């Protein structure tokens, strides 16, 4: 028999000695702001199980996620255009999306896959270059290598690492041991890919990015 006070029964021990309270919970949104809400928490005073017995919180959490994701999508699309020069038209072209797809996403009509794509582009804007090159493997490898140098450089500045790295190839079919070096001349960048013997050791000099 259910408790006359709460109308709830513990799913673990069957007790009706249930305490109901409101607690503050936080929903973290990737690349977005955290959202707070008041959640219902049921506690069995006999076996001490703590959970939302009737799943009252689930619709509330889903509603918060939907609103937050819509706001995040709009912010990310605007940021791509402002900070990475990735306009909606450019993204539609290189990823072969129907016209005005990005506008629909920006206005809140998007899928989980669409949100994942925009989050990836915000985190790795260079993926648009890979798509523009029609995912050519050689181009993709070079682009990844170049971005790896930049990322390593940022880490040396952020974490105060040494700016010289030693690495060794281990893959049997690897033909490249010394991988890359970046030279900046005004606004231009050069990348060289010197090849060497398998399993040879190489030294990577990293120049901090401005």
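The values are calculated or read from the model by the stated rules, or taken from the named source; none is laboratory data. All values derive from a computational prediction rather than experimental measurement. Here Cβ is always computed from backbone atoms with ideal geometry, including for glycine, and neighbour counts include all displayed protein chains.
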### Query
In the range 84-98, which residue that is modelled with pLDDT of 95 or more and assigned to a loop (DSSP other than H, G, I, E, B) is surrounded by the most Cβ atoms within 10 Å (Cβ to Cβ)?
86
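A quick yes/no check of all residues on (1) assigned by TED's automatic domain parsing to the domain that holds residue 80; (2) outside any helix (DSSP H, G or I); (3) modelled with pLDDT under 50; (4) over 30 Å from residue 90 (Cα atoms):
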{"residue": "115", "(1), (2), (3), (4)": "yes, no, no, no"}
{"residue": "122", "(1), (2), (3), (4)": "yes, no, no, no"}
{"residue": "130", "(1), (2), (3), (4)": "yes, no, no, no"}
{"residue": "145", "(1), (2), (3), (4)": "no, no, no, no"}
{"residue": "158", "(1), (2), (3), (4)": "no, no, no, yes"}
{"residue": "162", "(1), (2), (3), (4)": "no, yes, no, yes"}
{"residue": "178", "(1), (2), (3), (4)": "no, yes, yes, yes"}
### Query
Within the range 25-56, can you find the residues that are under 26 Å from the mean Cα position of the chain (by Cα) and on the phi < 0 side of the Ramachandran plot?
25, 26, 27, 28, 29, 30, 32, 33, 34, 35, 36, 37
### Message
Out of 3, 33, I need the residue that is at pLDDT below 90 and either in the same structural domain as residue 102 (by TED's automatic domain parsing) or closer than 29 Å to residue 122 by Cβ (or both). Which one?
### Response
33
